[in-house]
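Asker: Encoded as structure tokens, here's the structure I'll be asking about.
Since every read-out is calculated from the coordinates, none of them should be taken as a lab result. Keep in mind the model is a prediction, meaning the values are calculated, not measured. Neighbour counts run over all protein chains shown; Cβ positions are idealised from the backbone, glycine included.
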Amino acid sequence: MNKKNIMNKKNIMNKKNIILFVILLLCGILLLLFINFKYHNKPKLYCFWTGTNNMTKNRIRNLKTLNNTGFDVILITPDNLTNYILNEYPLHKGYKYLSETHKADYLRCYFMNFYGGGYSDIKQINDSWLEQYEELMDSDNLASGYSERSPDDIAYGNNIVLNEKMRKNYDKLIGNGCYIFKKNTPLTNEWYKQMIQLMDEKYENLKKYPSKSPQQIYSYEYPYPFAWNELLGKIFHPLVYKYNDKILKNLPYVNMNNYR
């Protein structure tokens, strides 16, 4: 074989190697772009720690398990809350007087209305929610949650007729431990509107009798103006009943064991 043929063979091999290298490089770049896209487009899951006290070991353990949902878990605390409050929708002036529990109730409504995505109590979760999320997003439904297990789990208000309907149809309602919501829907708009109206009504008494403890509720001795489930459940469950045909009941139940 003459030198010319050898050189031609070497040139061909070099060209093949270059083409192979370029193909592998492009595949690597596409893989990195895909991973980056998937990471930055993961659905968000919001949870709230509204006090300045440290989390217990159980809470820290539970917080880590929220990643099992496959969502991008965002812990909202007093340190980063202002980053998420919209200029056109500031916190109610009475927010600072609420108990830590009622602040979390307020915020889950705020975030589900203006941001949407997932919410969970800081309790143990072992399952992915991605399938349920896709099912919700591919439908005209408004939310996804888990069915209430008992009439005793429902927050009843002053409407006796509605209370009886909810009692009989408790399994059509979803619980407040975790859920996924589309943002800015008729349901979340009504939820937020009713919550703000209640905050307006209670403001003067709330200012006069602000929370003194993380789980403060109304008592005769100290008339903090909110009952335990007044700011969340008593608004939430009637609305869930109203829109129950647009709510999926497909999320796993919250693990209540040793969560504190």
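Asker: Could you please rank 228, 129, placing first whichever residue has the fewest other Cβ atoms within 10 Å of its Cβ? Write down the numbers at each step before the final one.
Answerer: On the way: 228 17, 129 25.
So the ranking, lowest neighbour count to highest, is 228, 129.
Asker: Round to the nearest 0.05 the FRET efficiency obtained for residue 160 and residue 68 when R0 = 35 Å and r is the Cβ-Cβ distance.
Answerer: That pair, residue 160 with residue 68, gives E of 0.25.
Asker: Next question, about the same structure. Roughly what would the spin-label model give for residue 222 and residue 130, points 7 Å off Cα along C-beta, in nm?
Answerer: Once both label points are built, they end up 4.7 nm from each other.
Asker: What does DSSP give for the chain in terms of the percent of beta bridges that are antiparallel, rounded to the nearest 5? Mind dumping the intermediate values first?
Answerer: Numbers: 8 of 18 bridges.
Roughly 45 percent of the beta bridges in the chain run antiparallel, per DSSP.
Asker: For Cα pairs less than 8 Å apart in space and 6+ apart in sequence, what is the mean separation divided by the residue count of segment 43-249, i.e. the relative contact order in percent?
Answerer: On the way: 313 pairs, mean separation 56.3, N = 207.
Answer for segment 43-249 is 27 percent.
Asker: May I pose another question? What residues qualify as long-range amide H neighbours of residue 72, i.e. H under 5 Å apart, gap of 5 or more or another chain, H built at 1.01 Å from N?
Answerer: Here the answer is 44, 45, since their amide H atoms fall under 5 Å of that of residue 72.
Asker: Helix-only mean residue ellipticity at 222 nm, the chain, DSSP H runs n ≥ 4 weighted -39,500 (n - 2.57), per residue, nearest 500. What is it? All intermediate terms of the calculation are to be shown ahead of the outcome.
Answerer: Values: 7 runs with 112 residues, N = 260.
It lands at -14500 deg cm²/dmol.
Asker: Going by how many other Cβ atoms sit within 10 Å of their own, how do 217, 125, 174 line up, fewest first? Don't skip to the answer; put the middle values down first.
Answerer: On the way: 217 17, 125 27, 174 23.
If I rank by nearby Cβ atoms, fewest first, I get 217, 174, 125.
Asker: Counting only the backbone N, which residues of segment 42-75 are under 17 Å from the spot 7 Å out from the Cα of residue 138 toward its beta-carbon?
Answerer: Only 43 fall inside the zone, counting backbone N under 17 Å.
Asker: Right, next: Grab the other residues whose beta carbon is less than 10 angstrom from that of residue 233, score K and R as +1, D and E as -1, and report the net.
Answerer: Working: positive: 234; negative: 105, 153, 230.
In short, -2.
Asker: Here is a follow-up. Provide 108, 149 in ascending order of the number of other Cβ atoms located within 10 Å of each residue's Cβ, fewest first.
Answerer: On the way: 108 24, 149 11.
Final ranking by Cβ density, sparse to dense: 149, 108.
Asker: For the chain, rounded, prolate or oblate, judged on the Cα gyration tensor with a ≥ b ≥ c (square roots of eigenvalues), a/c < 1.5 rounded, else prolate if a/b > b/c?
Answerer: prolate
Asker: If you wrap a convex hull around the alpha carbons of segment 56-177, what volume per residue comes out, as a whole number of Å³?
Answerer: Spelled out: Cα convex hull of segment 56-177, divided by residues, is 166 Å³.
Asker: Right, something else. To the nearest 0.05, how large is the calculated FRET efficiency for residue 149 and residue 87 if R₀ is 35 Å and r is the Cβ-Cβ distance?
Answerer: After rounding to 0.05, the efficiency reads 0.30.
Asker: Net charge within 12 Å of residue 94 by Cβ-Cβ distance, Lys/Arg positive one each and Asp/Glu negative one each, not counting residue 94 itself?
Answerer: +3
Asker: Please go through the residue pairs 57/234; 103/123; 123/172; 96/183; 44/249; 93/212 and name each one whose alpha carbons sit more than 21 Å apart in this structure.
Answerer: Details: 57/234 31 Å; 103/123 18 Å; 123/172 23 Å; 96/183 25 Å; 44/249 19 Å; 93/212 17 Å.
Check vs 21 Å cut-off fails for 57/234; 123/172; 96/183.
Asker: What FRET efficiency do you get for residue 42 and residue 203 if R0 is 45 Å and r is their Cβ-Cβ distance, rounded to the nearest 0.05?
Answerer: Working from the Cβ atoms, E equals 0.75.
Asker: Taking the Cβ of residue 195 as the centre, find all other residues whose Cβ is under 15 Å away and add up their charges (Lys, Arg: +1; Asp, Glu: -1). Can you show the working numbers first?
Answerer: Details: positive: 93, 103, 108, 193, 202, 234; negative: 105, 190, 200, 201, 230.
Its environment carries a net charge of +1.
Asker: Relative to the first principal axis of the alpha-carbon coordinates of the chain, what is the inclination of helix 233-242, with its axis defined by its Cα atoms, in degrees from 0 to 90 and to the nearest 10?
Answerer: Tilt of helix 233-242: around 70 degrees.
Asker: Quick one: compute the contact order of segment 43-106, relative version, from alpha carbon pairs under 8 angstrom and 6+ residues apart, as a percent.
Answerer: Values: 42 pairs, mean separation 29.9, N = 64.
Computed value for segment 43-106: 47 percent relative contact order.
Asker: Using only the alpha-carbon atoms, how far is helix 3-40 inclined from the longest principal axis of the chain? Give it as 0 to 90 degrees, nearest 10.
Answerer: 0 degrees
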